[in-house]
1. Just one of (1) out of contact with any Ser or Thr (no Cβ under 6 Å at 6 or more places or on another chain); (2) at pLDDT 85 or above trips up B:GLY34, so point out which.
2. If you go through the stretch B:82-111, how many residues are assigned to a helix (DSSP H, G or I) and either surrounded by fewer than 20 Cβ atoms within 10 Å (Cβ to Cβ) or facing chain A (nearest Cβ under 7 Å) (or both)?
3. How many residues are touching a residue at least 60 places away in the same chain (Cβ under 8 Å) and in a helix (DSSP H, G or I) when one looks only at the stretch A:159-174?
4. Quick test of your reading of the structure: B:LEU124 fulfils all but one of (1) touching a residue at least 24 places away in the same chain (Cβ under 8 Å); (2) in a helix (DSSP H, G or I); (3) more than 8 Å from chain A (Cβ to nearest Cβ); (4) farther than 27 Å from B:GLU270 by Cα. Name the failing condition by number.
5. Looking at the stretch A:197-227 only, could you name the residues that are within 25 Å of B:LEU269 (Cβ to Cβ) and surrounded by 13 or more Cβ atoms within 10 Å (Cβ to Cβ)?
6. Considering the stretch B:154-192 alone, what residues qualify as being touching a residue at least 40 places away in the same chain (Cβ under 8 Å) and within 18 Å of A:ARG24 (Cα to Cα)?
7. Given the structure, is B:LEU247 assigned to a helix (DSSP H, G or I) and either over 13 Å from the mean Cα position of the chain (by Cα) or at pLDDT 90 or above (or both)?
8. If the requirement is being free of Cβ contacts under 8 Å to residues at least 60 places away in the same chain, in a helix (DSSP H, G or I), more than 7 Å from chain B (Cβ to nearest Cβ) and among the aromatic types (Phe, Trp, Tyr), which of these qualifies: A:PHE264, A:PHE285, A:PHE231, A:PHE271?
Amino acid sequence: MHSELSARAKSLSALLPKWLRDDRKIAILMLAPSIIAVAVFIYVFMGWTLYISFSNWDRPALDLSFAGLKNWQRLVNDPRFHIDLRNLVLFAVGYMSQCIVIGFLLAALLNERIRGEVFFRTVFLMPFAVSAVVSGTAWRWLQVPSAGINLLIANMGFENFRPLWYMHPKLGMLAITIMGAWQFSGFVMALYLAGLRAIPDELREAAVIDGAGTIALYRHVFIPMLRPVTFTAIVLTGAGSIGNFEIPSIIGTGPGFATDTLGFYMFEQTFRSSRYGLGAAVATFMLVLSIPLILPYLISVLREEKE
Amino acid sequence: MSWRRLLAGSTKYAVLIAFAAFYLVPFYVMILTGLKPLEDISSFEIWNMPKSLDFGSFREAWNQMDSNFWNSVRITIPGAIVSTFLGSLNGYVFAKWGFRGSNVILFLFVFGLFLPGQGILIPLVWVLQFMGLYGKVNGLIMAYCIFGIPITSLLFYRYYASVPDELVDASKIDGCGFFGIYRRIILPLSGPTFAVVGVWQCTRIWNEYLMALVVLGNPARAPVTVAIKNFSSMGVIPWNLQMAAALIASVPTIAVYLMLGKLFMRGLLEGSLSG
């Protein structure tokens, strides 16, 4: 049966033109549509976006005439862009630190042979299964300054502590980091937990025999060994900070653009105001920001996989 | 010593329970608010239990978004299936038929994975308009299939790379070609990976928002994520409808996550390159 099938396959392949009988060529042929699609839809498109950022296209009708640095000058002089840069720093600091610290803490606790581990793990990762739009919607309701969480805080006796959350004209961005971390810290927890589980028990035992306490164990053994996981978490949360779009789209940009982001600014300029050139400049800027974050990561992962 | 151990043990659980509450509160409030009729919605009563069980908000939200829900289904299923199959084929080529430069191509695929979507939006709209697919469900499906290629190829590649080359070489000697090996050796081993990648793609496509908003902004054709946004930009915010809508939109992905959590977890670990 086996040989019969392969004999049939052989006779079939005899019908194909000669150059197609080579399996290696068939393989390349099968991959070709994907290569072309990715090349066009990712790389040509990125180049195109770059080009549009140098064009005069600032109304609905297509206009690709060369405008030099006009859009870039407009971008650099736009106060909203300055606010967005500040917001990016605020968001990245708040979001990345929450995700990494909470993710690590929860993974370390879950690694301690906890009763109900599956329950906790499931709950911690559940927000990641829903859309960021859902996160923004629920948290917007919870962070209404006159009520929501503030009501709980007041009931606990801290009536004078009434943060404005995402309505805060300066620090609204930090309130948004909570919405982001709510979704992604569970993901980081899962990464760390997998990393911790991969550390051989002998290592821990050896360190304990050497007299290491829990803190020393983490400081000198676990945290250094988990460095690749931390690297992954930094890259993923960093990329998430740059691309942040959903939450401002749901809750608005706040007073004085306090909760605006580059991603939302790009969207509004391009698809609401038809300033395609300016939008493309913002998009290009976002791409350029991402490269130094991703490149070292991918190179280090690839090098590791080769070994 | 035992006192200290007891204290340490209960602190652990206290921290875990506190965080479990943090992750669950938004779901709790969504359910609570969704179960109240509009006249009982006041931000001061956010924590109060509903006076009686009232599914009116869910019914109303569903009536307003049922077409969006089915749009999401119509987009997610073909998008996930096509991108998963493409990923399997590509992963097979990358892992077992590597050619000069195939590593560079894989690298470029993966690189695209981490870039912000805004970088390709303007040309995407332009090309979809050119193809007559802008504002159409098929246009968005096509976009999801293409932008799904990097992650699905990567996930399959990582799995197929772990399939011993000897298996492939042995069937080459038996006279199997490219497709013969794929069908007899690779596909029968791929079931679990298909499940992992399929679950991952379904969740990602269902939850996607930016591209959906740009390509399918039209309220009648939009998927659920865009429909939630439309609830939130009404003049006076109908919190009950919004929460009900957000919950309805989350039911499929939460159900998949609760039933297939292990697959979900594997997709997460492999996709972040740390599995």
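The values are calculated or read from the model by the stated rules, or taken from the named source; none is laboratory data. None of these values were measured; they are calculated from a predicted model. When we count neighbours, we look across all protein chains shown, and the Cβ atoms used for this are built from the backbone with ideal geometry, even at glycine.
1. (1)
2. Here the count works out to 15.
3. Applying the first criterion (touching a residue at least 60 places away in the same chain (Cβ under 8 Å)) to the stretch A:159-174 yields A:166-174.
Restricting the remaining residues to those that are in a helix (DSSP H, G or I) gives A:166-167, A:172-174.
Residues that pass the stated criteria total 5.
4. (3)
5. A:ILE199, A:LEU203, A:ARG204, A:LEU217, A:TYR218, A:VAL221, A:PHE222, A:ILE223, A:MET225, A:LEU226
6. B:TYR157, B:TYR160, B:ALA161, B:ASP165, B:VAL168, B:PHE178, B:ILE181, B:TYR182, B:ILE186
7. Yes, satisfied.
8. Working: A:PHE285 fails: free of Cβ contacts under 8 Å to residues at least 60 places away in the same chain; A:PHE231 fails: free of Cβ contacts under 8 Å to residues at least 60 places away in the same chain; A:PHE271 fails: more than 7 Å from chain B (Cβ to nearest Cβ).
The unique qualifying residue is A:PHE264.
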